[in-house]
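One structure is given here, and the rest of the page talks about it.
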Amino acid sequence: MILKLIFKVVNMKILKSTKSILLLFLICFGSISTAYSQSSLFSFEKYTNAIGDTLKYRQLVPDYAISGKYPLVIFLHGSGERGNDNEAQLKWGVLNFATDENMKLQPAIVIAPQCPKESQWYNFSDKDNSLLPQASKPMGLVIELIKETMKKYPVDLNRIYITGLSMGGYGTFDAISRYPDLFAAAVPVCGAGDLTKAALIAHIPIWIFHGALDGAVDPIHSQDMLKALSKEGAHPGFTQYPEVGHFSWIAAYSDPMMMAWLFRQRK
């Protein structure tokens with residue numbers, strides 16, 4: 001009798017443990033499956049200009065009505081996602097634009113280019129982050145791609161947005177400083193820019209994000225840009241997450257308030 005009771009208890013514990021493992025597996029599988037299904041919505045594309053320079057990118061196109069116009073979002077990844085596989089740039093942030101909820105509420109054309117290795121989105125002086133005269137080659141190709149997309153798709157020219165994280169945050173400030181009349185809004189995440197260009201970009205709605213404990217890109221860069229823009233009469237959004245390091249993009253791109261704010265902006 002005692003032996004049967006022991007076996008029963010043991011079996012119940014095994015069953016409970018098995019159920020817990022199965023539940024954990026299903027949760028993990030569901031998360032992986034969701035991420036894969038979202039990334040599969042982005043088609044594999046490559047832009048080639050007249051002189052043969054190329055830029056690989058992924059593109060999300062909504063189920064749009066032919067008569068409508070749609071916002072265009074440019075997403076610039078960080079330095080760790082550089083390469084030529086046309087996959088790595090989807091690792092962080094951009095998949096939040098491809099959720100069912102977001103595509104229902106904010107249908108948009110989303111482009112996520114991939115910066116080649118040993119290149120970067122921005123061209124700032126290493127000494128003081130001053131904007132150098134010539135755009136980097138990848139940034140130049142991004143701008144060409146935007147213009148090409150405007151011709152091929154029903155883009156709302158008053159709703160072209162740019163955002164990026166880390167190196168892409170630098171690239172976001174670079175792009176709006178070089179082309180201040182192109183973008184309707186910008187969301188630089190843990191980046192930096194040329195403070196002397198604040199007057200040039202003060203008219204652009206900007207929401208800056210950073211982690212207070214960022215050891216890779218000092219948050220002072222974002223704080224200084226906030227001050228410079230405010231001095232020029234701008235009213236930028238600014239979110240600094242306490243107890244967050246370099247990965248501030250996780251919270252930033254998961255913020256429904258940021259998403260709603262971004263898509264409200266028009267030139």
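Quickly run through segment 168-192 and pick out the residues that are over 17 Å from Glu144 (Cα atoms) and open to solvent by 10 Å² or more (accessible area, probe 1.4 Å). Even if it seems obvious, please write down each step before you answer.
So in segment 168-192, the residues over 17 Å from Glu144 (Cα atoms) come out as 168-170, 173, 184-192.
Selection gives Tyr170 alone.
Is there any pair linking a residue in segment 245-260 that is over 16 Å from Asn102 (Cβ atoms) to one that is surrounded by 15 or more Cβ atoms within 10 Å (Cβ to Cβ) and acidic (Asp, Glu), with Cβ under 8 Å and at least six apart or on different chains, and which?
Listed by first residue and then by second, the contacts come to Gly245/Asp214; His246/Asp214; Ser248/Asp214.
Checking His210 against (1) touching a helix residue (DSSP H, G or I) at 6+ places or on another chain (Cβ under 6 Å); (2) without any contact (Cβ under 8 Å) to a residue 12 or more places away in the chain: exactly one of these is not met. Which one?
In the conditions (1) touching a helix residue (DSSP H, G or I) at 6+ places or on another chain (Cβ under 6 Å); (2) without any contact (Cβ under 8 Å) to a residue 12 or more places away in the chain, His210 misses (2) alone.
Leu90 versus (1) under 25 Å from Gln38 (Cβ atoms); (2) in contact (Cβ under 8 Å) with a residue 60 or more places away in the chain; (3) surrounded by fewer than 24 Cβ atoms within 10 Å (Cβ to Cβ); (4) touching a strand residue (DSSP E or B) at 6+ places or on another chain (Cβ under 9 Å): which is the lone unmet condition?
So the condition that Leu90 fails would be (2).
I'm trying to understand the selection: among the residues of segment 77-101, which are within 11 Å of Cys115 (Cβ to Cβ) and of a type in the set (D, E, K, R)? If you could, list the steps in order and put the result at the bottom.
Restricting attention to segment 77-101, the residues satisfying the condition of being within 11 Å of Cys115 (Cβ to Cβ) are 77-84, 88-89.
Correct list: Glu81, Arg82.
Restricting to segment 195-207, give me the number of residues that are touching a residue at least 60 places away in the same chain (Cβ under 8 Å) and either among the basic types (Lys, Arg) or crowded, with 23+ Cβ neighbours inside 10 Å (or both).
Count: 1.
The values are calculated or read from the model by the stated rules, or taken from the named source; none is laboratory data. Fair warning: this is a prediction, and the values are worked out from it, not measured in the lab. Here the Cβ is made from the backbone with ideal geometry for all residues, glycine too, and neighbour counts use every protein chain on show. Side chains included, ligands, DNA and RNA excluded: accessible areas come from the protein's heavy atoms. Shrake-Rupley method; radii C 1.70, N 1.55, O 1.52, S 1.80 Å.
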